[in-house]
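Before any comments, here is the structure.
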Amino acid sequence: MEKNLKNRCRHCLAEIRDETAVADEEGNLFCCQGCLGVYRILNSEGLEEFYRRREGWEPGTPEFVSVESGRFERLVRREGLHSLLELTITGIRCASCIWLIERHLARAEGVIDVRVNYATYATRVVFDQERVTVGDILRRISELGYVPRPELTGKSSGIIREEARDLLIRFGTGAFFSMQIMLLSVALYAGYFQDITPFYKRAFQLISWALATPVVLYAGYPFIKGTVAGLKRGFLNMDTLITLGATSAYLFSILMIFRGGEVYFDSAAMIITIILLGRYMETISRTKASRVVSMLAELAPESVRVITPGGIKKISVDSVRKGDSVEILPGERIPVDGAVVEGETEVDESMLTGEAMPVRKARGDEVYAATINLTNPIRVEVRAAGDETVLNSIIRTVQEAQARRAPVQRLADRVSQYFVFFVTAIALATFIYWYRSGSVEAALVNTVSVLVVACPCALGLATPLAILTGSQAASRRGIVVKGGDIIERLSGATSILLDKTGTLTRGQFSLIETIFFGDREKALLIVSAMESLSSHPVARALSSGSNAHDMQIREHRTLPGRGIYAVVNGRVCYLGNLEMLKETVEEIPEGIITLHNEMTEKGRCLIFLVVDGKIDALFILSDELREQADGLIEGLKGMGLEPVIVSGDTEGVVREVARRSGVDRWYSSVQPAEKAEIVRELKKMGHSVIMVGDGINDAPALIEADVGISLGRATDIALESADVVIIRPELLLIRDILVLSRKVMRTIKQNLFWAFSYNIITIPLAVAGRIHPIVSAIFMVTSSLVVVGNSLRLLKFRGI
Amino acid sequence: MWTVFLLIFVVFILGMAGYLVYIWAIKSGQYDDPEGPKYRMLDDEDEKG
């Protein structure tokens, strides 16, 4: 027993547990069949070098899954003469894993080229569809203990990559030509003070013009496009301001060449270049976020086993019809809505109802798609499949809400909008003033120079930089923010709705108290032996860590809704709830019934161990609050947010959780659709609402809320609906992201202040006709530097 | 007098060369995976391209 603990799996280095351990011919021990498989593959292909080179490999049994190729086959594209499959691989723990995957895949017949991105784990497989199938490729990945995943987001990684490349090329073009212009500008500035000859001045200006043209027209094209699109819909935004500034600087400078004045080509080019840099930073942070989210997604079943007269047949979920009978094994996700026709089991419906306790299902009971069958195989008659399931109606609600959701105008855009008005008004006033005083030319020159200096270069950096550094600080703590505007909305929230199961509580039962009536040691041994027979959440909670290797189990059976039965070391043992107790023990003491009722009221559950007809031990289990729950609530209240609990659970349970975590307002027995309703009501009352949840039933509310946050291992739909995904299930991270978002907003406001302070100084000069390009250049650079420095301070955020 | 313009031209050409290399680098995907090269350079065997 003792020596087994020291042994580690030859492949994954996990500690070996006797029940699943296997050994090969040479006596190497493995934690499971899967790891032995990997070891054999590596040896037969001469890749055992992997074991020598892997560094930073974290011990732990890999996930061996069988992946259906359906979802992936739709992703295959033509690439030249071959086919291209783009996917993401998870389960990668070290750089050598990538080496291994690439080698192993490349050795498959028909695979032409494999490339795994070391930074994102995005994988490109070029292959010949005649010689190898998508299924083979996926199997070769999964048999090594890695999980191939399709991209969850609508855009394929190819399109995202093209967008990023396009921005980089435009930025590079802008940067290159701006640098050339700068050389000439320095000469012109110096010439202004040291009397440059008109010939050189004219020549340098002409060259600057030639260099600035590609910057404005090519690099600046996205802004021009954005302005045109905005104007068509009657919007003024940041693009408008940038285009206005850059093009007026450009056109004005051309005019000035022929009038012998000063030129602003450098300003025009720098504005565009620096703002492109801001855009590029925004794109990469968004891409990273969507990739992380798709890695968290679960792989839903795509096929079902249908019972036909000719035996059991595997068909795709799409082709199941009403009235078909399907078989669902323990541990599987139920793919359809229907009624149980054969078998008796327990089903985990927490993702749909929010209730942590598994529900017993017997003949005639309804089961729903996306719930998990826990204990026994069942057969289900299909009542609804595909689009008609309860799951799908929730997804539809989510999609409708998503489409309805109005885009939020960002602070920078809002400010720019007023600013454009302001600038145009001043420009107009300038024109009128100078026109009245007699000179049309002076009027024109000064009006345009107002427009030129009004465009703050730093404005383009103010928001993206703060958001980029802010989301970087967040992602270091395991928080993924899906877009810049979300940080703005987070900072303005006034009330926060928290789901109970899986968010405030762990979403699974844990042991809080044990009472022994007999021999303590023996009882624990029996329980851990019996617990290993079941994957039921209650059984997992009882896994006490004591070792039960010398216990012998003869015959065992699950009693759905009641517990398990087994013969351990020749003694008849039952482990289960009160129902089970009533069936196995003749006389139940009154005290036990009272205790049971008391505990049930609080949402706890009692499990009894009966050995040879006598109660031997009693376990009290509870879906416990996460450790940081009260810390979170306190923090939220301190920030002026009102925490509210919403749960599908019964009143007694929710009241208990609310009391212990210190929340004053709670809603119980809430149906999924009602959660979204509560959010809407709060919004109507003028609240800005954050919703935190993880289940399918939370998804409509996550979308409806101003910001949706999903915590820990959430369901696919919750991940997709949420704006913020917190990867680690730590409640205090919710407080952290709120604090961080407020910091980011403060930084953005400071940045905008600095960006505009440049205008406050330069616009009066321009109105007075006393501005010189060198003055505007110096102010532009200073305000940009201030903004950059100020934003970088956010990187220091390490939580509270 | 023309040396000034010659120098401007030379600087432009030099810069242009760098610019073209940059464009080529982006297009051939060298900015897509900033992590990979430090590991790949240590692999001697490189089968099937």
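The values are calculated or read from the model by the stated rules, or taken from the named source; none is laboratory data. Remember, it's a predicted structure, so these values are computed and weren't measured experimentally. Note that we place each Cβ from the backbone using ideal geometry, even for glycine, and neighbour counts take in every protein chain shown. The protein model used for the area step is the full one, side chains on, heavy atoms only, and it has no ligands, DNA or RNA in it. Shrake-Rupley method; radii C 1.70, N 1.55, O 1.52, S 1.80 Å.
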**Study point:** Condition check for residue A:254: closer than 24 Å to residue B:5 by Cβ and within 14 Å of chain B (Cβ to nearest Cβ)
**Key:** no
Exercise for review: Among the numbered conditions (1) assigned to a loop (DSSP other than H, G, I, E, B); (2) open to solvent by 60 Å² or more (accessible area, probe 1.4 Å), tell me where residue A:46 comes up short.
Suggested key: (2)
Revision key, fill the gap. Of the conditions (1) without any contact (Cβ under 8 Å) to a residue 60 or more places away in the chain; (2) assigned to a helix (DSSP H, G or I); (3) under 26 Å from residue A:722 (Cβ atoms), the single one that residue A:427 does not satisfy is (3)
**Study point:** Residue identified as touching a Ser or Thr at 6+ places or on another chain (Cβ under 8 Å) and either of a type in the set (A, V, I, L, M) or assigned to a strand (DSSP E or B) (or both) among A:263, A:326, A:340
**Key:** A:263
Review point. When only residues in the range A:57-93 that are within 19 Å of residue A:292 (Cβ to Cβ) and in contact with a Phe, Trp or Tyr (Cβ under 9 Å, 6 or more places away or on another chain) count, which is modelled with the lowest pLDDT?
Key: A:63
Check your understanding: Name the residues in the range A:172-205 that are hydroxyl-bearing (Ser, Thr, Tyr), within 12 Å of chain B (Cβ to nearest Cβ) and surrounded by fewer than 18 Cβ atoms within 10 Å (Cβ to Cβ), would you?
Key -> A:197, A:200
Study note, to complete from the structure: Within the range A:369-400, residues being more than 25 Å from the chain's Cα centre (by Cα), at pLDDT below 80 and open to solvent by less than 50 Å² (accessible area, probe 1.4 Å) number 2
Study note, to complete from the structure: Scanning the range A:764-782 for residues that are touching a helix residue (DSSP H, G or I) at 6+ places or on another chain (Cβ under 6 Å) and either assigned to a loop (DSSP other than H, G, I, E, B) or open to solvent by less than 10 Å² (accessible area, probe 1.4 Å) (or both) gives A:766, A:769, A:771, A:776
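Open to solvent by less than 40 Å² (accessible area, probe 1.4 Å) and hydroxyl-bearing (Ser, Thr, Tyr): does that describe residue A:319?
Answer is no for this residue.
Tell me the residue from A:52, A:40 that is within 14 Å of another protein chain (Cβ to nearest Cβ), open to solvent by 30 Å² or more (accessible area, probe 1.4 Å) and either more than 19 Å from residue A:150 (Cα to Cα) or not in a helix (DSSP H, G or I) (or both), please.
Criteria check complete, one pass: A:52.
Restricted to the range B:1-33, and to residues that are among the hydroxyl-bearing types (Ser, Thr, Tyr) and in a helix (DSSP H, G or I), which residue is least open to solvent (accessible area, probe 1.4 Å)?
The residue in question is B:19.
Go through the range A:618-706 and tell me which strands (runs of 3 or more DSSP E), entirely inside it, have 1 or more residues that are open to solvent by 10 Å² or more (accessible area, probe 1.4 Å).
The strands (runs of 3 or more DSSP E) meeting that bar are A:642-646, A:665-667.
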**Study point:** Set A:618, A:595, A:606: member being touching a His at 6+ places or on another chain (Cβ under 6 Å) and of a type in the set (A, V, I, L, M)
**Key:** A:606
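When you look at residue A:682, is it in contact with a helix residue (DSSP H, G or I) (Cβ under 8 Å, 6 or more places away or on another chain) and among the hydrophobic types (A, V, I, L, M, F, W, C), yes or no?
Spelling it out, it is not the case that residue A:682 is in contact with a helix residue (DSSP H, G or I) (Cβ under 8 Å, 6 or more places away or on another chain) and among the hydrophobic types (A, V, I, L, M, F, W, C).
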Practice item. Considering only the range A:95-114, state which residues are at the interface with chain B (Cβ under 9 Å from one of its Cβ atoms) and hydrophobic (A, V, I, L, M, F, W, C). Key: A:95, A:98, A:99, A:106, A:111, A:112, A:114
Check your understanding: Is it the case that the range A:414-423 has a residue that's among the β-branched types (Val, Ile, Thr), open to solvent by 10 Å² or more (accessible area, probe 1.4 Å), farther than 17 Å from residue A:226 by Cβ and in the same structural domain as residue A:266 (by TED's automatic domain parsing)?
Key -> no
Point to revise | residue A:55 vs. criteria without any contact (Cβ under 8 Å) to a residue 12 or more places away in the chain and over 28 Å from residue A:304 (Cα atoms) | key: no
Practice item. State yes or no: is residue A:120 farther than 30 Å from residue A:267 by Cα, among the polar types (S, T, N, Q) and within 12 Å of chain B (Cβ to nearest Cβ)? Key: yes
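For every residue, the table says whether it meets (1) touching a residue at least 40 places away in the same chain (Cβ under 8 Å); (2) closer than 15 Å to residue A:452 by Cα; (3) of a type in the set (Gly, Ala, Ser); (4) part of a helix (DSSP H, G or I).
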| residue | (1), (2), (3), (4) |
| --- | --- |
| A:186 | no, no, no, yes |
| A:190 | no, no, yes, yes |
| A:216 | yes, yes, no, yes |
| A:243 | no, yes, no, yes |
| A:249 | yes, yes, yes, yes |
| A:252 | yes, yes, no, yes |
Exercise for review: Might you let me know whether the range A:468-477 holds any residue that is in contact with a Ser or Thr (Cβ under 9 Å, 6 or more places away or on another chain), of a type in the set (A, V, I, L, M) and in a strand (DSSP E or B)?
Suggested key: no
